[in-house]
Ligand code: B12
C-alpha cells in the first residue's frame, strides 16, 4: 500500500469507528517507515475532524462520536511508544502538570500533548480528565511543577481554564508556574483574556512554546 492509501484507510477506520482496523493501520504505517505524527495528522485526524463536523451539523450522532474517539485512541496507543522512543532523552527540562478541566472528558488531544512533551524531555504528570481546580492546585504544589497545561474541548468548559488559573493565583502559586491552555475552541486571544502565559495550537508547537516559557534554547527538536 502507498502512504496515501494508508492515510485514506486510516481516515476510513476512524469514520467507521473501527478501533481494531485503526490499530492495525498504525502498525502498518510504522512498518512502512511513516512518522507516527504524520500518520496522526494525515491519517487519523481528518477522520475525527470529519465526524466532529458531522456531529456538529446534526448528521452524525453520539455513538459515532464515541466510536471514532475510541478508534483514534487505539491508533495513538500503538504510535505513542514509538514517539516517546524517538525523542528519548535523559535530560529533564521541567515538570508539566496536564489536565482536562472540570466538566470535560475529552482526553485525546491532551494525551497527545503529554506524549510529545515526554518525548522531548519534560516530566509529565497527567492528572486526567474532568479535573477540579483544587486538584490541579494540589498537584502543582506536590510535584513542584514548572508548567501547567489545561485542555478544554467544549465552549462550556473553557471558562474552567480561567477558573483554574484563578485558583492557582489564590493559592499563591501563579508566579511560580507557567500556564499553557489549548483545545480546539481555544484561541491565543482567549488565552490572553483568561491570564494564561501561552496558547498551544497543537502538540508539536506546544513543545517549542514550553521551552520558550522556561527560557530554554532550541526549537523543540528532540534532544538526543
Ligand atoms: C472524539 C470526540 C469526543 C469523544 C472524546 C473521547 C476522548 N477519550 O477524548 C466523546 C465521544 C467522549 C465526546 C463527548 C462529547 N463531545 Co466531543 N468531540 C470529539 C471530537 C470528534 C474530536 C476531539 C479530538 O479528540 N480531536 C483530536 C485531538 C488530537 O485534537 P484536539 O483535542 O483539538 O487537541 C489538539 C489541540 O487542540 C491541542 N491541545 C489540546 N489540548 C491541549 C492542552 C494544552 C495544554 C495545549 C497546549 C494544547 C492542547 O493539541 C492537541 C494535539 O494536536 C470533537 C470534534 C473536534 N473537531 O474537535 C468533538 C467535540 C469537541 N465534542 C463536542 C460535544 C458537544 C461533545 C458532547 C457534549 C456530546 C454529548 N452530547 O454528550 C460530549 C461531552 C462530554 C464531556 N463532558 O466532555 C463538540 C463541542 C462543541 C462545542 N461548541 O463545545 C465537538 C466540537 C463536536 C461538534 N462539532 O459538535 N467527544
Please give the number of the condition residue 61 fails out of (1) in contact with a strand residue (DSSP E or B) (Cβ under 8 Å, 6 or more places away or on another chain); (2) within 12 Å of the ligand (Cβ to nearest atom). (1)
Do any residues in the range 194-214 that are farther than 16 Å from residue 159 by Cα and touching a residue at least 24 places away in the same chain (Cβ under 8 Å) have Cβ atoms under 8 Å from those of residues that are part of a loop (DSSP other than H, G, I, E, B) and within 11 Å of the ligand (Cβ to nearest atom), where the two are at least six apart or on different chains, and which pairs are they? 213/197
Hey, does the range 152-163 have a residue that's at pLDDT below 95 and in contact with a helix residue (DSSP H, G or I) (Cβ under 6 Å, 6 or more places away or on another chain)? no
Looking at the range 29-49, can you tell me whether even one residue there is part of a strand (DSSP E or B), within 9 Å of the ligand (Cβ to nearest atom) and in contact with a helix residue (DSSP H, G or I) (Cβ under 6 Å, 6 or more places away or on another chain)? no
Of all the helices (runs of 4 or more DSSP H) wholly in the range 69-180, which have at least 3 residues that are within 13 Å of the ligand (Cβ to nearest atom)? 108-119, 158-170
When you go through 38, 14 one by one, which is the residue that is buried (at least 20 other Cβ atoms within 10 Å of the Cβ) and at negative phi? 14
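The values are calculated or read from the model by the stated rules, or taken from the named source; none is laboratory data. Here the structure is a predicted model, which means the values were calculated and not measured. Don't worry about glycine lacking a Cβ; one is built from the backbone with ideal geometry, like all the others, and counts go over all protein chains shown.
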